[in-house]
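Heads up: the structure comes next, in structure tokens.
Every read-out reported here was derived from the displayed coordinates using simple, explicitly stated rules and does not represent laboratory data. Quick caveat: nothing in here was measured; it's all calculated off a predicted structure. So basically every Cβ, Gly included, is an ideal-geometry build from the backbone, and we count neighbours across all protein chains shown.
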Amino acid sequence: MKDWRRYTEIPRIAYFSMEIGLTTEIPTYSGGLGVLAGDTIKSAADLKLPLVAVTLISRKGYFKQTFDNDGWQQESSVDWKPEDLLELLPVKTLVNIENRDVKVQAWLYRVKSPTGGELPVLFLDTDIPGNEPEDRKITDHLYGGDKAYRLKQEIVLGIGGARLLQILGFQVRKYHLNEGHASLLTLELLNHHRLPVEDSWDEKASWNTQHVQEKCVFTTHTPVEAGHDRFSYETVTQVMGEVIPLPLLKKLGGEDELNMTLLALNLSHFVNGVAKKHGEVSQALFPGFKIHAITNGVHPFTWTSPYLMSLYDKYLPGWAVEPELLVRVDIIPDKELREAHAGAKAYLFQYIEETTGTILDPDVLTIGFARRATAYKRANMIFTDPDRLLKLGDGKLQLVFGGKAHPHDDFGKQMIKEIRQQAEFFGDRLKIVYLPNYNMDVASRLIPGVDVWLNNPLRPLEASGTSGMKAALNGVPNFSVLDGWWIEGHIEGVTGWSIGPPPTETSTDVNHSDEDVQDLYKKLEEMIIPLYYNNSKGWTKVQKNAIGKNAYYFNTHVMMRRYVTEAYLR
Ligand SMILES: *Cc1c(COP(=O)(O)O)cnc(C)c1O
């Protein structure tokens, strides 16, 4: 019996995600969604939960980001060799794409926890001799290509993934669809669980939708109608053919277009948003369905800087497998916490100097902002009134940015370019750095090394956000718009600070940009800068509260225990 066969001995949760971010070396993720998937799997391994994860190999990665002389983002493929990091499994399956049989194979990665837990992750791949040249490229580019390319990827993920699990002998307790990209797996399940019908005059009676529902859990991540993945039936029929009869598909996935979210909603018994607020927003978007909320988290061991780690090990042993222990953070002496943070800050500043040549001052209050560069995240909001910013921050502030814009997102690229231009405008009076090629590695240096983590998305578009949780875990307080997880984590002046009005809206119809930016300047000037420079004890208290009142709860261990009791065991 082959070694990997032992993974098939017990029934598992099959966790499907278009992107999974486990380490920087495996570049099969683009941002928060993929990193969350990776953190989910790592916590499942720590907790010894029976889970198998399925994703695409993305042989060319998302992309590597560099800048030309004008500050315009340039993209290049990421070169990595799956064979150096993963094991090829000796089994293949077929999916039908544009009337061709396309072979799909899987690479295995084993996620191993210090607790002894171990989980398999399968990376699906169509780059196989015998496949047509264009089909060999289906699993090359994460979020690349056109609509048809995306649909082909979703066929490989949903249908190919479900078939491979079966051929490999996995017994599946539940399928967990992380976002709508994997919704097509429900069609494969429908085909597998048709009821025998005596009286076959009613074709529909033979489709056992209830059985599929009982097997599926769906997590939605998108708070706006326009953000959901959808395909015209013309594309669907052309690319996929008729996997189930078209009238039935339309009934389940939408009359006018195939909406992957709707398909998943119709075929899952448990559906959730990724923060309380996002649950409400999703509920308003899809009135006929019951939408729960399980707030996202981050994996404690992955996102704690080595400097903080030794401190937690010393005072709160066991914290990495039982992050609730962080609630006792107050037993750590202030001085030691300050020293640990200074270590993380120096480590970041050294990296900044190496990559950009800019030397930052370790005594100056440093604000960090890094995430995907897309319009709603409003990365350049702090520059709305440059004179005001300079007046309040002259000699007292430094800013560190990072983040990639999607290759087709010119607005995002423009936003980055503007920030890079601001750096020249402010010069030495207010130093600004834009770190290139934001990824998990850069994030793990950047987030723990700044003093405040800034987030100012347009409400209610930040479904959850997770980078702020990584900050809290490292004693870096959040300064953020009240959206996503921060609505649940924020206590004003205690765990960090809010920006703008309280969260009431469930759509973007009302825009609070003016209020947001005024509040941002006001709080920096009147609260954050004075506290940092004049009250070091008060500052350390906020740092500790970020750890003891935010990080102890907003982590993937807590999140996974909730998925088990609220979704998987139902
Ligand atoms: C955590 C993380 C994100 C998510 O950041 P948000 O601020 O939650 O959008 C994106 N990219 C990388 C590389 C990350 O590590």
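The range 262-317 and the range 57-72 have their alpha-carbon centroids 29 Å apart.
Dipole check for the range 327-391: with +1 at the C-beta of Lys and Arg, -1 at the C-beta of Asp and Glu, and the Cα centre as origin, the magnitude is about 460 Debye. The amide H of VAL52, built 1.01 Å from its N in the peptide plane, has ILE13, ALA14, TYR15 as neighbours under 5 Å, considering only residues 5 or more places off or on other chains.
Stokes-Einstein diffusion coefficient for the chain at 37 °C in a medium of 0.692 mPa s, Rh from the Kirkwood formula over Cα pairs: what value in µm²/s?
Details: Rh = 24.5 Å.
For these conditions, the coefficient is 134 µm²/s.
For the range 3-268, the percent of C-alpha pairs falling in each 10 Å distance bin, counted from 0 to the bin holding the largest distance, reads 7, 30, 36, 20, 6, 1, 0, 0.
For the range 392-442, a Kirkwood hydrodynamic radius built from all Cα pairs, placed in the Stokes-Einstein relation at 37 °C and 0.692 mPa s, yields a translational diffusion coefficient of 275 µm²/s. Annotation: amide H-H contacts under 5 Å for GLN74 (H modelled 1.01 Å from N, sequence separation of 5 or more, or interchain): THR66, PHE67, ASP68. Before rounding to the nearest 500, sum -39500 (n - 2.57) across all DSSP H runs of length at least 4 in the chain and divide by the residue total; then give [θ] at 222 nm in deg cm²/dmol. Mean residue ellipticity, 222 nm, calculated: -10000 deg cm²/dmol.
Using C-alpha pairs under 8 Å with a sequence gap of at least 6, the mean separation divided by the residue count of the chain gives a relative contact order of 14 percent. For the range 430-444, 3J(HN,Hα) computed residue by residue from phi via the Karplus equation (6.51, -1.76, 1.60; θ = phi - 60°) reads 8, 6, 10, 10, 10, 6, x, 6, 4, 8, 4, 5, 5, 4, 6 Hz, glycine and proline entered as x.
Going by the alpha-carbon gyration tensor, a ≥ b ≥ c the square roots of its eigenvalues, is the range 1-149 rounded (a/c under 1.5) or, if a/c is not under 1.5, prolate (a/b greater than b/c) versus oblate? It comes out oblate by the Cα gyration axes. Listed values for the range 215-231 are Karplus-derived 3J(HN,Hα) couplings in whole Hz (6.51 cos²θ - 1.76 cosθ + 1.60, θ = phi - 60°), namely 8, 10, 10, 10, 10, 9, 10, 10, x, 10, 3, 5, x, 7, 5, 8, 9, and x replaces Gly and Pro. Counting only aspartates and glutamates at least 8 places from LYS48 when in the same chain, those with an alpha carbon closer than 12 Å to its own are GLU118.
Each Lys and Arg adds +1 at its Cβ and each Asp and Glu adds -1 at its Cβ; summed about the Cα centre, the chain shows a dipole of about 1420 debye.
Set the Cα radius of gyration of the range 94-187 against 2.2 N^0.38 Å, with N its number of residues, and you get 1.15. Karplus-based coupling profile of the range 160-167, in residue order and whole Hz: x, x, 4, 5, 5, 4, 5, 5, with θ = phi - 60° in 6.51 cos²θ - 1.76 cosθ + 1.60 and x standing for Gly or Pro.
In loop segments of the range 243-326 as defined by DSSP, the GluC sites (Glu not before Pro) with at most 15 further C-beta atoms inside 10 Å of their C-beta are GLU255. For VAL111, the residues whose modelled amide H falls within less than 5 Å of its own, excluding neighbours fewer than 5 places apart on the same chain, are LEU119, VAL121. Straight distance only, please: which lysines reach the Cα of LYS103 with their own Cα at less than 16 Å, same-chain residues fewer than 8 apart left out? Within the straight-line limit of under 16 Å, LYS103 reaches these lysines: LYS92, LYS137, LYS152.
Got the relative contact order for the range 389-539 handy, in percent, Cα pairs under 8 Å and 6 or more residues apart? It would help to have the intermediate numbers written out before the result.
Numbers: 180 pairs, mean separation 27.9, N = 151.
Relative contact order of the range 389-539: 18 percent.
Projecting the Cα atoms of VAL35, PRO11, GLN74 onto the charge dipole of the range 3-268 (Cβ charges, centred on the Cα centre) puts PRO11 farthest toward the positive pole.
Taking 20 °C and 1.002 mPa s as the conditions, I'd like the Stokes-Einstein D for the range 300-559 in µm²/s, using the Kirkwood hydrodynamic radius from alpha carbon pairs.
Values: Rh = 18.4 Å.
Value of D from the Cα-based Kirkwood radius: 117 µm²/s.
Dipole orientation for the chain: of the candidates HIS211, TYR553, PRO333, PRO333 has the Cα lying most toward the positive pole (charges on Cβ; Lys, Arg +1; Asp, Glu -1).
Of the GluC sites (Glu not before Pro) found in the range 120-201, those that fall in a DSSP loop while having at most 16 other beta-carbon atoms within 10 Å are GLU198.
Exceeding 18 Å between C-alpha atoms, which entries from my cross-link table qualify? They are LYS391/LYS523; LYS314/LYS335; LYS174/LYS250; LYS470/LYS544; LYS81/LYS404.
Values: LYS391/LYS523 14 Å; LYS314/LYS335 14 Å; LYS174/LYS250 24 Å; LYS470/LYS544 14 Å; LYS81/LYS404 23 Å.
Result: LYS174/LYS250; LYS81/LYS404 exceed 18 Å.
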